[in-house]
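Nothing in this text is a laboratory measurement; each read-out follows from the coordinates by a stated rule. Being a predicted model, the structure only gives us computed values, none of them experimental. Neighbour counts run over all protein chains shown; Cβ positions are idealised from the backbone, glycine included.
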Amino acid sequence: EAQVTQNPRYLITVTGKKLTVTCSQNMNHEYMSWYRQDPGLGLRQIYYSMNVEVTDKGDVPEGYKVSRKEKRNFPLILESPSPNQTSLYFCASSFGSGQGGGYTFGSGTRLTVV
Amino acid sequence: AQSVTQLDSQVPVFEEAPVELRCNYSSSVSVYLFWYVQYPNQGLQLLLKYLSGSTLVKGINGFEAEFNKSQTSFHLRKPSVHISDTAEYFCAVKGNFNKFYFGSGTKLNVKP
């Protein structure tokens, strides 16, 4: 089954404790992206990757890091989480620029930073 | 710059009634247009997309949308809604460099 898999689904952590949210896709998509969803603000892009070893900032990158060492994986790293990073996070993937395909989204990771 | 506006944050409707969720976009280039649905505690699922060709696009669950270039709109419609259609709906535009722009979402609340 074609899918984007995120782990964990739920995470509660304390301020300052480094964490990683994993994302993996099995569709050979070039493009991967991370979003956060907050009430009243919709979806905001954190980082995206056009292909392996190519990443760039989205609209709200502060406090986050990403890497794209393999085509299928795109982990999101919070080096020192803070309470304002409490949010619902989505990973998404699609075929590359010039192709009309839409995103396939993961099921989301609900992160709470206390 | 591209942007997407969903004019209604919430739309209440009775079961079996028709519904229209409005979406307007701004873009200076050709765009691809999408509607996504998010059920409670789930990720976003693609409802339908407009890439080219016929301006009337049919999607899953009986939804359809019409691309109107002159009005820069891509409104979502369903002739008869069900309780199970209660969800949040997002309009999105895919512009240059594969970047997606999402609207702020419309919560559809179907009442019995």
_Given charges at Cβ of Lys, Arg, Asp, Glu: chain B dipole, positive-most of B:Gln45, B:Gly59, B:Tyr101_ = B:Tyr101
*When chain A is modelled as a GNM with alpha-carbon springs shorter than 10 Å, which of A:Ser49, A:Ser87, A:Ser33 fluctuates the most?*
A:Ser87
*Would you mind telling me which residue in B:Ser80, B:Ser26, B:Ser54 has the biggest mean-square fluctuation in a Gaussian network model of chain B, where springs connect alpha carbons within a distance under 10 angstrom?*
B:Ser54
*Taking the Cα centre of chain B as the origin, how large is its charge dipole in debye, to the nearest 20, when only Lys and Arg (+1) and Asp and Glu (-1) carry charge on their Cβ atoms?*
340 debye
*Setting aside same-chain residues fewer than 8 positions from B:Lys58, which aspartates and glutamates have a Cα under 13 Å from its Cα?*
B:Glu66
_Choice from B:Lys58, B:Lys49, B:Lys99 with maximal GNM fluctuation in chain B (Cα, 10 Å cutoff)_ = B:Lys99
*asked:* To make sure I understand the rule: partners must be lysines, Cα under 22 Å from the Cα of B:Lys99, and not fewer than 8 residues away in the same chain. Which ones qualify?
replied: A:Lys57, A:Lys65, A:Lys69, A:Lys71, B:Lys49, B:Lys69
*Expressed as a fraction of 2.2 N^0.38 Å, the rule-of-thumb size for a compact globular protein of N residues, what is the C-alpha radius of gyration of chain A?*
1.00
*Only Lys, Arg, Asp and Glu count, each charged at its Cβ (+1, +1, -1, -1), so figure out the dipole size of the protein assembly as shown about its Cα centre, rounded to 20 debye.*
400 debye
*Could you tell me what percent of the DSSP beta bridges with both partners in the protein assembly as shown are antiparallel, to the nearest 5?*
90 percent
*Could you please report the charge total around A:Gly101, scoring K, R as +1 and D, E as -1 over all other residues with beta-carbon less than 9 angstrom from its beta-carbon?*
+2
*Report, ordered by chain and residue number, the lysines lying within cross-link reach of B:Lys111, taken as a straight Cα distance under 19 Å and ignoring same-chain residues fewer than 8 apart.*
B:Lys78
*asked:* Rounded to whole Å, give me the distance from the Cα center of the range B:3-76 to that of the range A:1-61.
replied: 24 Å
*If Lys and Arg each add +1 and Asp and Glu each add -1, what is the summed charge of the other residues whose beta carbon sits under 15 Å from the beta carbon of B:Cys23?*
+2
